[in-house]
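Have a look at the structure below before the remarks.
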Amino acid sequence: MGSDETKSTLDTERSTVPGSGTTTKSCWMTQVVLRFVLFAATLTSIVVMVTSKQTKNIFIPGTPIRIPAAKFTNSPALIYFVVALSVACFYSIVSTFVTVSALKKHSCSAILLLNLAIMDAVMVGIVASATGAGGGVAYLGLKGNKEVRWGKICHIYDKFCRHVGGAIAVSLFASVILLLLSIISVLSLYKKIR
């Protein structure tokens, strides 16, 4: 009698072990969806930032003066922002394919989960630092800094500043998605090795 109860308990536990139940499949489906949303967010942020160029003409009585164009390549922090989000966008493509292939095979190794957890954590750091760097430059453009005599530019380049602000907002959203993916990867790894 005792061995039958033990056997049924083991069968019940096996059905909830990652890699063999609907919980694992839904977890992997969640990862696939979040990785696709991450791809869309990073790509959107890159496109919005790269297209943020504005030239302004000022009219002084009798003569129009053309002010140089404001574009993301004028700031090393915004260049870093675009490069970092490009890396995250490429990572989201690769990790989506890896996750889909693991879902199709109905099996995943602890090594795969460990690699995903590590890379998700690295990407959180990269995207968050790029968002912070871009946000710092955007804040200076919006408010300026009187102590060091850096003038604000958003009253002149309003379209450019809206683009930069939008790209940074979407990047912040991508950082949150990466944080969720990192947590899910660690929890999946924990369930796999316990």
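The values are calculated or read from the model by the stated rules, or taken from the named source; none is laboratory data. From a predicted model like this one, the values you see are computed outputs, not experimental measurements. Reconstructed Cβ throughout: ideal geometry from the backbone, glycine too, with neighbour counts over all protein chains shown. Heads up: the accessible areas ignore ligands, DNA and RNA and are worked out on the full protein's heavy atoms, side chains in. Shrake-Rupley method; radii C 1.70, N 1.55, O 1.52, S 1.80 Å.
Placing unit charges on the Cβ atoms of the charged side chains and taking the dipole of the chain about its Cα centre, the candidate lying farthest along the positive direction among 190, 70, 139 is 70. Ligands, DNA and RNA are left out, and with a 1.4 angstrom probe the accessible area of the stretch 26-112 is 55 Å² per residue.
Taking the Cβ-Cβ separation of residue 40 and residue 146 as r and a Förster radius of 45 Å, what is the calculated FRET efficiency to the nearest 0.05? So, using R0 = 45 Å, E works out to roughly 0.70. With Kirkwood radius over Cα pairs in Å defined as stated, name the option among [x] 19.4; [y] 17.9; [z] 16.5 computed from the structure displayed. It is the one labelled [x]. The long axis of helix 2-16 is offset from the longest Cα principal axis of the chain by roughly 20 degrees.
Nonpolar atom fraction for the chain, defined as the carbon and sulfur part of the 1.4 Å probe accessible area, stands at 70 percent. Of 91, 80, 139, the residue with the largest accessible area leads and the full order is 139, 80, 91 (1.4 Å probe). Taking other residues whose beta carbon is less than 14 angstrom from the beta carbon of residue 68, and scoring Lys, Arg as +1 and Asp, Glu as -1, yields +4. Each label point was placed 7 Å from the Cα along the Cα-to-Cβ direction; for residue 50 and residue 29 their separation is 3.4 nm. Here the simple spin-label model places points 7 Å from the Cα toward Cβ, and for residue 73 and residue 176 these points are separated by 3.4 nm. Note on residue 110/residue 183: beta-carbon distance plugged into 1/(1 + (r/R0)^6) with R0 of 25 Å gives a FRET efficiency of 0.90. Principal-axis analysis of the Cα atoms of the chain puts helix 76-105 at an angle of about 20° to the longest axis. A cut-off under 14 angstrom between Cβ atoms defines the neighbours of residue 142, and their net charge, with Lys, Arg +1 and Asp, Glu -1, is +4. Helix 22-50 sits at what angle to the longest principal axis of the chain, using alpha carbons and giving 0 to 90 degrees rounded to 10? That helix lies at roughly 10 degrees to the long axis.
Taking 174, 110, 41 as the candidate residues, the one with maximal mean-square fluctuation in a Gaussian network model of the chain, Cα springs under 10 Å, is 110. Entry note: the stretch 99-154 has Rg to Rh equal to 1.41, where both radii use alpha-carbon atoms and Rh is the Kirkwood radius. Per-residue ellipticity at 222 nm from helix content only, as computed over the chain with -39500 (n - 2.57) for each DSSP H run of at least four residues, stands at -26500 deg cm²/dmol.
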